[in-house]
Amino acid sequence: MRTSYHNHTTWSDGAATLAEMIAAARKAGLEELGISDHFALAPEDRRFPWAMAPESLDAYVAQIRRATATTEGLTIRLGLEVDYFPESLELIEQRLAPYPFDYLIASVHFVDGFAIDLNAQPWEGLSQESRDGIWRRYWQHLGAAAESGAFDIIGHFDLPKKFGFYPSVDLTGDALAALYIIAAANMAIEINSSGWDKPVQEAYPSPFYLREANRRKIPLVINSDAHTASDVTRNFERARQLAAAAGYAELVRFEHRKRSVYPL
Ligand SMILES: [Zn+2]
Ligand SMILES: [Zn+2]
């Protein structure tokens with residue numbers, strides 16, 4: 001079994017159409033392709049160029065469901081990468097409730113209005129003390145996203161490392177507290193293999209946190225966070241080795257937000 005669940009198309013900031021992603025998934029020998037375009041309901045109706053317009057959700061779901069019904073030999077899963085904003089969580093849940101998602105990925109791309117992963121510039125302008133604060137708030141937000149029970153998979157667990165700006169104080173305890181909540185909330189995490197192609201040159205999560213996730217029996221999926229068709233299974237062999245080294249023997253798949261396991 002081979003799946004890839006974290007993929008972006010032209011519905012948000014991906015370069016490829018759904019049809020192009022499907023063709024790439026076939027070529028890569030996937031059995032399940034999940035589409036998870038960006039959906040963000042930010043406070044004060046702030047809009048982002050990288051997310052679909054919230055009004056597009058109907059059409060997005062309809063196109064993927066059509067593909068699900070008409071694609072043979074490859075299962076198409078309906079997902080979404082949802083930005084976690086504590087202020088609009090209730091609104092987000094209401095907006096998503098009518099749709100038959102297979103899974104929802106929760107991602108924290110912002111803390112208190114600070115863009116974590118857009119580019120290195122905002123980080124460069126921060127004092128080390130402020131960077132520490134962003135990391136601390138990030139772990140709190142991630143824990144709160146898990147605690148909400150609104151989502152199935154935590155996206156790119158240790159995202160703030162993307163540009164190489166690490167905290168100067170030891171925040172391992174904060175990260176492990178977030179992992180504890182993820183486990184208690186019965187959520188899965190992903191190996192996000194895009195990290196190897198970013199300045200940090202390391203998958204999310206780091207080997208240490210992946211081992212800690214396995215110790216807590218947190219279920220795992222391997223995802224590529226593809227924004228182009230050629231990235232649908234990028235670094236997947238490496239990710240499998242990372243999972244095995246962390247002690248994982250199983251991965252999970254999703255159907256209508258129900259999880260099932262299969263061997264790594
Ligand atoms: Zn993301
Ligand atoms: Zn993504």
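Some points to look at:
- For E237, the conditions (1) in contact (Cβ under 8 Å) with a residue 12 or more places away in the chain; (2) among the acidic types (D, E); (3) open to solvent by 30 Å² or more (accessible area, probe 1.4 Å) are fulfilled apart from (1).
- Enumeration of residues in the stretch 219-231 that are away from ligand 1 (no atom under 16 Å from the Cβ) and either open to solvent by 40 Å² or more (accessible area, probe 1.4 Å) or among the β-branched types (V, I, T) (or both): S230
- Any chance Y166 is out of contact with any Leu (no Cβ under 9 Å at 6 or more places or on another chain), more than 16 Å from ligand 2 (Cβ to nearest atom) and closer than 21 Å to G133 by Cβ: yes
- Checking each residue in the stretch 248-264 for being under 18 Å from the mean Cα position of the chain (by Cα), under 14 Å from E190 (Cα atoms) and not basic (K, R) picks out L251, V252, F254.
- Subset of the stretch 70-121 (residues that are in contact (Cβ under 8 Å) with a residue 40 or more places away in the chain, more than 16 Å from ligand 1 (Cβ to nearest atom) and not hydrophobic (A, V, I, L, M, F, W, C)): T71, G73, T75, R77, P86, E87, S88, E93, R95, Y99, P100, D102
Let's see how each residue does on (1) open to solvent by 40 Å² or more (accessible area, probe 1.4 Å); (2) within 25 Å of A245 (Cβ to Cβ):
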residue	(1), (2)
Y138	no, no
A146	no, yes
G149	yes, no
K161	no, yes
E190	no, yes
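- Unique residue being of a type in the set (G, A, S) and in contact with a Pro (Cβ under 9 Å, 6 or more places away or on another chain) when the list is A120, A178: A120
- Selection of the stretch 4-22 for residues being open to solvent by less than 10 Å² (accessible area, probe 1.4 Å) and over 18 Å from the mean Cα position of the chain (by Cα) yields only A16.
The values are calculated or read from the model by the stated rules, or taken from the named source; none is laboratory data. Remember, predicted model here, so these are calculated numbers, not experimental data. Counting neighbours? That spans all protein chains shown, and the Cβs are built from the backbone with ideal geometry, glycine included. For accessibility, only protein heavy atoms count, side chains too; no ligands or nucleic acids. Shrake-Rupley method; radii C 1.70, N 1.55, O 1.52, S 1.80 Å.
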